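Taken together, the values in this text are just the output of simple stated rules run on the coordinates, not laboratory data. Keep in mind that what you see is a predicted model, and the values were worked out from it rather than measured. Here the Cβ positions follow ideal geometry from the backbone for every residue, glycine too, while neighbour counts run over all protein chains shown.
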Amino acid sequence: MESGCADAQTNRNIRFYRLRYLPWEADLKRLHSLGLRIDPANAATLDLLDHAASLYPAAANGLQSGDDNLLGPQGVPLWLNYFHNDNSTYAVNNWVGAVSAADHLSTGHGIRILEVGAGSGSASEILLQLFAERGLLPQIERYLITEPNAYFRRCSQRKLAAQYPNLTLEWAPLDLDLPWNTQGITAGEFDLVYAVNVMHISENLLFSLNEARCALAEDGWLVIGECVRPYDNQPIYPELMFQILDSFTNVQIDPEIRPNPGFLTAEQWRRAFSRAGFNRVTVAPDIDRIRKIYRHFFTGAICGQNSATPNDSSGSRE
């Protein structure tokens with residue numbers, strides 16, 4: 001689309017694409033080398049993109065599953081490197097989410113945190129690092145880190161338990177798409193429900209947002225770090241590796257909040273949070289202004305409070 005070799009039309013909510021002319025043959029080796037020259041830390045992202053690209057022809061033709069190959073033995077080490085905080089192109093997601101979470105927490109009592117879809121723990125690591133820098137670690141009363149994948153969960157537990165031996169951390173599985181109260185999550189138990197690049201794969205987004213709100217105490221906050229699509233239907237590069245994953249595409253769509261699978265715009269996230277009963281909904285940084293200057297910036301945090309306070313006008317722009 002952005003190369004100009006294809007255009008799109010929408011008819012009765014179905015989007016059609018037409019190839020105008022064949023795209024040029026990209027010199028991937030040169031681009032890979034250029035990316036490493038800019039910053040060697042880009043290697044994790046470039047390696048995963050290359051691996052995903054190699055799987056696309058077979059996955060697109062239905063010859064093999066993207067999940068089996070991208071999440072298989074060859075793919076798992078690439079994902080671990082990609083979601084690592086040494087990967088600067090991804091770590092910014094963790095930092096934006098962590099700062100927003102810390103900024104919204106009250107420090108007047110013990111802090112109870114539920115993290116959803118923690119993966120191998122890179123977001124947890126940055127949140128704890130920021131809490132340590134702000135002197136908030138002693139106020140953590142409970143931190144439950146959930147991840148459905150047992151291998152990733154063990155990776156997180158080994159790393160964080162060694163880094164914070166005096167902090168009470170808990171690990172458990174949690175499926176976003178099933179009732180949370182049947183998985184050990186008590187209603188009204190947490191001051192913060194936190195997730196980084198997880199909620200967009202909820203099969204039923206409003207269901208998962210409602211489950212998160214139910215887990216929150218009164219005035220508690222849901223804070224999610226997300227790749228935020230700057231404009232409707234604008235492609236962004238992380239989709240190259242995610243689009244062949246069933247968990248990314250097999251979701252319930254909604255014309256107002258999720259017209260297509262994948263990443264949501266800031267407007268769609270605000271509508272989703274509001275429909276799920278959250279108040280004081282904000283998106284940080286100000287994606288609406290940033291996209292006018294640079295349309296390829298897509299990192300943000302969406303925050304909503306479980307309270308009766310009406311939405312801030314600054315967070316309700318449509």
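Angle between the Cα long axis of helix 150-163 and the longest principal axis of the chain, 0 to 90 degrees, nearest 10?
Helix 150-163 sits roughly 50 degrees off the main axis of the chain.
Based only on other Cβ atoms within 10 Å, what is the fewest-to-most ordering of 124, 202?
Ordered from fewest to most neighbouring Cβ atoms within 10 Å, 124, 202 come out as 202, 124.
Tabulate in residue order the Karplus-calculated ³J(HN,Hα) for the stretch 224-234, using 6.51 cos²θ - 1.76 cosθ + 1.60 with θ = phi - 60°, rounded to whole Hz; enter x for Gly and Pro.
Couplings: 10, x, 8, 6, 9, 5, x, 9, 3, 6, 7 Hz.
Tell me, in nm to one decimal, what length is gained between residue 32 and residue 109 on full extension, where the rule is 0.36 nm per residue of separation less the Cα-Cα distance?
22.8 nm
Can you give me the Cα centroid spacing of the stretch 270-293 and the stretch 28-42 in angstrom?
33
Would you mind pulling out the separation of the Cα centroids of the stretch 211-240 and the stretch 106-154, in Å?
18
Please give the contour-minus-distance gain from residue 6 to residue 19: 0.36 nm per residue of separation, less the Cα-Cα distance, rounded to one decimal in nm.
Separation in residues times 0.36 nm, less the Cα-Cα distance, equals 4.2 nm.
Between residue 254 and residue 172, what FRET efficiency follows from the Cβ-Cβ distance if R0 is 25 Å, with the result rounded to 0.05?
Step by step, r from the Cβ atoms, then E = 0.30.
So what's the angle, to the nearest 10 degrees on a 0 to 90 scale, between helix 88-104 and the longest Cα principal axis of the chain?
Tilt relative to the chain: about 30 degrees.
Would you mind classifying the stretch 88-315 by shape? Square roots of the alpha carbon gyration tensor eigenvalues, ordered a ≥ b ≥ c; an a/c under 1.5 is rounded, otherwise it is prolate if a/b is larger than b/c and oblate if not.
Here the stretch 88-315 falls in the rounded category.
Could you grab the relative contact order for the stretch 88-315? Cα pairs under 8 Å, six or more apart, rounded to a whole percent.
Once divided by the residue count of the stretch 88-315, the mean separation gives 20 percent.
Tally the DSSP beta bridges in the chain and give the antiparallel ones as a percent, rounded to 5.
50
Amide H of residue 307: which non-local residues (sequence gap of 5 or more, or other chain) have their own amide H closer than 5 Å, using H built in the peptide plane?
219, 279
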